[in-house]
Structures are given as structure tokens and as C-alpha cells.
Amino acid sequence: MRIIMKLAGMFCVMAACALTGIALERRLKKRWQLFREMRETLVFLEKEMTYHRSPIHEAFRAAAGRCATELGDVLLETAGQIERRSGQTFREMWSEALMRQLPSGLLAQDELHLFGETAAALCNTDVVMQKTLLEKYADRFRLMSEAEAEACREKGGLYRRLSAAAGIFLVILLI
């Protein structure tokens with residue numbers, strides 16, 4: 001009976017360590033997907049809003065349909081707030097949607113601030129300025145996405161291996 005309890009404990013320790021490594025790797029991938037999707041969304045919105053002259057809420061709904069991350073929920077919530085005409089500025093609506101829909105702790109403060117800054121590009125009355133800002137922010141998110149993809153490749157497997165090694169170390173230590 002005692003051996004079974006030890007084996008169960010070892011299994012639990014190994015499983016906890018392995019799941020921690022998987023969760024850390026998943027967090028890296030989530031960040032990469034979010035940055036990549038924001039860039040793709042900005043490129044899509046540039047075409048919708050500057051060439052097709054779509055109203056912002058329609059462009060957001062169309063872009064949200066193409067999203068696979070929480071960014072789609074941010075766009076849908078912002079589009080709904082725009083349609084309600086609550087009297088808030090676009091920047092306030094965008095910031096509130098970001099705070100509500102993006103997972104807390106996923107982004108650093110400066111990254112979250114960059115997401116908030118894109119409000120200037122998304123709701124601008126001057127078409128030329130809007131196009132320029134959308135291109136600028138799309139390029140910034142492209143760079144962030146590339147950096148995060150590199151970090152994901154480098155650190156993802158490392159997190160899994162280190163967590164497995166930590167699990168083995170803890171099992172040996174507890175024996």
C-alpha cells in the first residue's frame with residue numbers, strides 16, 4: 001500500500017511539473033498568435049476602411065469573423081459599443097474592450113499600451129493619416145510577432161524539458 005501511495009505521489013509531482021511546462025509554452029504561443037492576428041487585422045482594416053470606405057462597426061465585425069483569438073471578441077464588443085452610441089470616445093470604448101476581453105497577465109504593460117494606442121489609427125477622420133497609422137502599427141505588430149515567434153521556438157521546448165527535469169528532480173528528492 002505504501003508503494004502505491006509513493007507511486008501516486010510521484011505521478012502527481014511529474015504531472016504537475018509537465019503541465020506547468022505545457023502552460024508556459026501555451027502562453028508563449030498565445031502571445032505570438034495575438035500579435036500576429038493584430039497585425040493581420042490592421043492590414044485587413046486598412047483595406048476595408050480606406051479603400052472600401054466601410055463604416056468602422058461593419059469593418060470591425062468583418063475583421064472579427066477572421067479572428068481566432070480574443071481579439072475577435074474585442075472587435076465585436078467595440079463594434080457593439082459604437083452602434084449603441086453611448087457618448088464615450090472611441091479610445092475609451094477600445095480600452096474598455098481590451099481590458100475586458102484580453103486575458104490578464106498575458107501582455108506586459110507596454111504591450112497592452114501599444115494595443116490601446118492603435119485606437120488613433122482605427123478611428124481617424126483623415127483617410128491618408130489613418131492609412132499611414134494603420135501601416136505603422138501593423139509594422140510594429142509584425143516586428144513583435146516575429147520576436148515572439150523566435151522566443152516561442154527557443155523557449156517553448158526548453159520550458160517543457162526543464163519542467164520535466166524539475167519533476168524528475170523532485171521525485172528523486174522526495175524518494
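For residue 68 and residue 100, the FRET efficiency from 1/(1 + (r/R0)^6), where r spans their Cβ atoms and R0 equals 25 Å, is about 0.85. Rounded, prolate or oblate: pick one for the range 65-122, where a ≥ b ≥ c are the square roots of the eigenvalues of its C-alpha gyration tensor, a/c under 1.5 means rounded, and failing that, prolate if a/b is larger than b/c, else oblate. In terms of gyration-tensor shape, oblate. Kirkwood hydrodynamic radius of the range 81-175, from the reciprocal of the average inverse Cα-Cα distance over all distinct pairs: 16.7 Å. Shown is the FRET efficiency for residue 88 and residue 23, computed with R0 = 45 Å from the Cβ-Cβ distance and rounded to the nearest 0.05: 0.80.
Of interest is the spacing of the C-alpha centroids, which for the range 103-167 and the range 1-56 amounts to 13 Å. Hey, if you drop one equal point scatterer on each alpha-carbon of the range 1-92 and run the Debye formula without solvent, what base-10 log of I(q)/I(0) do you get at q = 0.10, 0.12, 0.19, 0.24 Å⁻¹? Values returned for q = 0.10, 0.12, 0.19, 0.24 Å⁻¹ are -0.46, -0.55, -0.90, -1.15. The candidate values were (1) 1.17; (2) 0.96; (3) 1.27; the one computed from these coordinates for Rg/Rh (Cα atoms, Kirkwood Rh) carries the label (1). Averaged over its residues, the range 1-138 has an accessible area of 57 Å² per residue, based on protein heavy atoms and a 1.4 Å probe.
For the range 130-171, the Cα gyration tensor yields ellipsoid semi-axes of 39, 7, 4 Å (square root of five times each eigenvalue, largest first, whole Å). Other residues lying with their Cβ under 14 Å from the Cβ of residue 82 contribute a combined charge of -1, Lys and Arg counting +1, Asp and Glu -1. 3J(HN,Hα) along the range 116-128: x, 5, 5, 4, 5, 7, 6, 10, 10, 7, 8, 5, 5 Hz, from the Karplus curve 6.51 cos²θ - 1.76 cosθ + 1.60 with θ = phi - 60°, whole Hz, x for Gly and Pro. Share of carbon and sulfur in the accessible area of the range 37-175 stands at 56%, probe radius 1.4 Å. Taking all protein chains as they are arranged and a probe of 1.4 Å, the heavy atoms of residue 12 leave approximately 80 Å² accessible to solvent.
The values are calculated or read from the model by the stated rules, or taken from the named source; none is laboratory data. Source: prediction; values computed, not measured. As a convention, Cβ positions derive from the backbone with ideal geometry for all residues, glycine included, and neighbour counts pool all protein chains shown. With ligands, DNA and RNA removed, areas are computed over all heavy atoms of the protein, side chains included. Shrake-Rupley method; radii C 1.70, N 1.55, O 1.52, S 1.80 Å.
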